[in-house]
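Below is one structure, written out as structure tokens, with a few remarks after it.
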Amino acid sequence: MKFSQNFTKTSKTVSAETESINAQLLTRAGFIYQELAGAYAFLPLGWRVIQNIESIVREEMNKIASELHLTALSPKERWQATKRHDSVDVLMSTKAANDIALQKSTAEYILNPTHEDVITPIAKQYVNSYKDLPFATYQIQTKFRNEARAKSGLMRGREFIMKDLYSFHVSEENLKEFYEMAKERYVAIYEKLGLGEDTFVTLASGGDFTEEYSHEFQTLLESGEDVIYLDRNNNIAYNKEIATPEDAKKLGVNFDDLEKIKASEVGNIFPLGTKYSELLDYYFTDKDNKRHLVWMGSYGIGISRIMGVIAEKHHDKKGLIWPKNVSPFDYHIIALPDAENIQASEKIYQELGEENCLFDDRADVHPGEKFADADLIGIPTQIVISKKTLEQDSVEVVDRVSEKKELIKIKDLKINL
């Protein structure tokens, strides 16, 4: 993509109300636009990052489940059936237009924050025999939460993008087997996202989903909203919210001996058991034609939240520093403003591939501004073309992380990158 074709612009400042680092940097770099508190538009550069994150998540999820797309709206009766209509305090709802006109309130719809209540009736419609179990399905979709105080940029919003997967099983044992398999896929995802080294499987309370423990994936982060007790020797952590004396006894853990550190949740998995199948009357028949409740699991990853966490974790005083796998482009071509430089850069841009490069082709912008924009946007590899480099039939390749500079012959560029 050429810089001149990107309708968004970078900026030096943002609103004083923008407190979080991720919102500040992503807004200044032209990745996101705040529509209202807790709701952001993803601009061309930002949407490419979202798509890259989704691609990594899909690659791993497709190994264990099939993808679908569920409705964002559901009737309130779905949530009443699972007894969550009044217990979940972040539900957003709306009423049908004809009912509003008639001053009736019979048709109320929920803007789903999650889809256990929606997918279970669908599964019940199609899968009723042990022969068709287990199975798992997932989606990537915009979700809604009526947060009392949306804050922290993309890390806590009223509108967000999430991957949610649901699994269905004939037994607790079979659920546990899949649960561990899903956990492994999650670990692989965070490795590919550039978060693996600092992301830990974390024991947490079951919350609204289950009375038993669940597992979160927490990334160490100074600005994180959670506090975890980290056991590096055993590569596991415990959310502070479950760290009671009773938990310590039950788990055989002395929390005082562990590292207490701030972190941010980037995913969670829940063993739902038979909670929803019992509430929604979902049974399967075994080979002897006997009926049993279906066992279920739920597995979530906040796609847009991860973008915010990466921005918080991978930046410096100059701007963003994207891990290669999620960067909007592989290369940022910076042509110093001269006709010859821009012409030579155009050839390099075509050779490396338009889809792989952000090409700063602006002829009326000072070099210092181009370099500042490149550092703010944070593409990991910068390619600088100037009169000086062209005299040597070369370009200057700059590593955004280490700031190491290397002169590479143009003819050898594709080989060395």
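The values are calculated or read from the model by the stated rules, or taken from the named source; none is laboratory data. Since the structure is predicted, the reported quantities are computational estimates derived from the model, not experimental observations. Heads up, the Cβs are rebuilt from the backbone with ideal geometry, glycines too, and the neighbour counts pull from every protein chain shown.
Looking at ASN325, ASN341, which is the one that is within 22 Å of the chain's Cα centre (by Cα) and either more than 13 Å from PHE3 (Cβ to Cβ) or assigned to a strand (DSSP E or B) (or both)? Let's see the steps before the verdict.
Values: ASN341 fails: within 22 Å of the chain's Cα centre (by Cα).
Being within 22 Å of the chain's Cα centre (by Cα) and either more than 13 Å from PHE3 (Cβ to Cβ) or assigned to a strand (DSSP E or B) (or both) holds for just one of ASN325, ASN341, which is ASN325.
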Here are ARG48, ARG58: which of them is assigned to a helix (DSSP H, G or I) and in contact with a Pro (Cβ under 9 Å, 6 or more places away or on another chain)? ARG48
Residue satisfying all of: in segment 11-55; surrounded by fewer than 17 Cβ atoms within 10 Å (Cβ to Cβ) and either hydroxyl-bearing (Ser, Thr, Tyr) or not assigned by TED's automatic domain parsing to the domain that holds PHE160 (or both); farthest from SER327 (Cα to Cα) among these: SER15
Any hit, segment 286-302, residues being among the β-branched types (Val, Ile, Thr), surrounded by fewer than 21 Cβ atoms within 10 Å (Cβ to Cβ) and at pLDDT 95 or above: no
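Which one of LYS163, LYS143, LYS131 is part of a helix (DSSP H, G or I) and at pLDDT 95 or above?
Going through LYS163, LYS143, LYS131 in turn, the sole match is LYS131.
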Sort through MET92, MET181 and tell me the only one that's surrounded by fewer than 17 Cβ atoms within 10 Å (Cβ to Cβ) and closer than 20 Å to SER304 by Cβ. MET92
Name, by its number, the condition in (1) touching a helix residue (DSSP H, G or I) at 6+ places or on another chain (Cβ under 7 Å); (2) of a type in the set (A, V, I, L, M); (3) crowded, with 17+ Cβ neighbours inside 10 Å that does not hold for ILE119. (1)
Return yes when ARG84 is assigned to a helix (DSSP H, G or I), surrounded by 13 or more Cβ atoms within 10 Å (Cβ to Cβ), in contact (Cβ under 8 Å) with a residue 12 or more places away in the chain and over 18 Å from the mean Cα position of the chain (by Cα) and no when it is not. no
What is the number of the single condition among (1) outside any loop (DSSP other than H, G, I, E, B); (2) outside the structural domain of MET155 (by TED's automatic domain parsing); (3) without any contact (Cβ under 8 Å) to a residue 12 or more places away in the chain that THR94 does not meet? (3)
With respect to VAL127, is the statement that it is under 30 Å from ASP281 (Cα atoms), surrounded by 15 or more Cβ atoms within 10 Å (Cβ to Cβ), of a type in the set (Val, Ile, Thr) and touching a His at 6+ places or on another chain (Cβ under 8 Å) true? no
Which one is surrounded by the most Cβ atoms within 10 Å (Cβ to Cβ) among residues in segment 1-10 that are in contact with a Lys or Arg (Cβ under 9 Å, 6 or more places away or on another chain) and part of a helix (DSSP H, G or I)? PHE3
Given the condition exposed (fewer than 13 other Cβ atoms within 10 Å of the Cβ), outside any strand (DSSP E or B) and in contact (Cβ under 8 Å) with a residue 24 or more places away in the chain, answer yes or no: does some residue in segment 377-395 qualify? yes
Can you tell me which residue in segment 222-247 is farthest from GLU116 (Cα to Cα), limited to those that are touching a helix residue (DSSP H, G or I) at 6+ places or on another chain (Cβ under 6 Å) and not aromatic (Phe, Trp, Tyr)? SER223
